[in-house]
Structures are given as C-alpha cells and as structure tokens.
1. Can you work out which of the residues in the stretch 1-40 that are of a type in the set (D, E, K, R) and assigned to a strand (DSSP E or B) is farthest from Thr71 (Cα to Cα)?
2. How many residues are among the charged types (D, E, K, R) and surrounded by fewer than 12 Cβ atoms within 10 Å (Cβ to Cβ) when one looks only at the stretch 60-75?
3. Right, Ile43: within 13 Å of the chain's Cα centre (by Cα) and either in a helix (DSSP H, G or I) or among the hydroxyl-bearing types (Ser, Thr, Tyr) (or both) or not?
4. Taking Ala59 as meeting all but one of (1) of a type outside the set (Ser, Thr, Tyr); (2) over 15 Å from the mean Cα position of the chain (by Cα); (3) part of a strand (DSSP E or B), write down the number of the exception.
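Bear in mind these aren't lab numbers, they're just calculated from the coordinates by the rules spelled out. As the structure is a computational prediction, the values presented were derived from the model and not from experiment. A quick note on method: Cβ atoms are made from the backbone with ideal geometry, for glycine too, and the neighbour counts reach across all protein chains shown.
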Amino acid sequence: MITFEDIKKANETLATIDVKGKNYVEVNQRIKAFRMCCPNGSISTEILSLADGIVTMRATVYNEEGHILGTGTAQEKETSS
C-alpha cells in the first residue's frame with residue numbers, strides 16, 4: 001500500500017522546468033515518481049478524438065491490483081510546441 005511518506009519522498013525527486021513563468025513537471029518525471037511508489041502499476045492511454053489538428057487524450061493510472069488511482073484528459077494542437 002502506498003503511504004503519504006512514499007508519495008512525499010517521490011515528489012521530492014521531481015525536477016521542474018520553467019514554462020511561461022510557472023514550474024512544470026515533465027511527464028517523464030511524473031512517471032519516474034509513479035514507478036517509485038507503484039513499481040508494478042500501469043498507465044493506459046487512449047485517443048478520444050483527433051480532428052482539425054487537435055488531439056484529445058485520456059490517461060488512466062492503475063495500482064498493482066488493477067484499481068484506478070486517477071484519470072486525466074488533455075488536448076494538444078498540432079501546431080503547438
């Protein structure tokens with residue numbers, strides 16, 4: 001079972017970058033922290049829509065027992081950086 005201390009320790013390892021004046025944790029860093037807390041968990045991604053140069057994605061994160069820990073959606077324009 002993941003404890004608060006496990007999450008705290010993993011979060012302390014996250015490197016951030018500046019994006020438009022705000023600290024941002026890149027996806028590779030987030031996955032690194034997830035693996036520290038949940039080494040046998042999984043992340044599933046799916047494309048919800050792809051139209052007019054805009055993609056909408058959903059990510060679902062599971063623990064070792066297959067229980068959903070969280071979901072998130074994001075959109076990205078083809079012309080964005």
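1. First, pick out the residues of the stretch 1-40 that are of a type in the set (D, E, K, R): 5-6, 8-9, 12, 18, 20, 22, 26, 30, 32, 35.
Right, trim to assigned to a strand (DSSP E or B) and you get 18, 22.
Numbers: Asp18: 25, Lys22: 23 Å.
Among those that are of a type in the set (D, E, K, R) and assigned to a strand (DSSP E or B), it is Asp18.
2. Filtering the stretch 60-75 down to residues among the charged types (D, E, K, R) leaves 64-65.
Keeping just the survivors that are surrounded by fewer than 12 Cβ atoms within 10 Å (Cβ to Cβ) gives 65.
The total comes to 1.
3. Numbers: within 13 Å of the chain's Cα centre (by Cα): yes; either in a helix (DSSP H, G or I) or among the hydroxyl-bearing types (Ser, Thr, Tyr) (or both): no.
No; evaluated as a whole, the condition is false for this residue.
4. Status for Ala59: all satisfied but (2).
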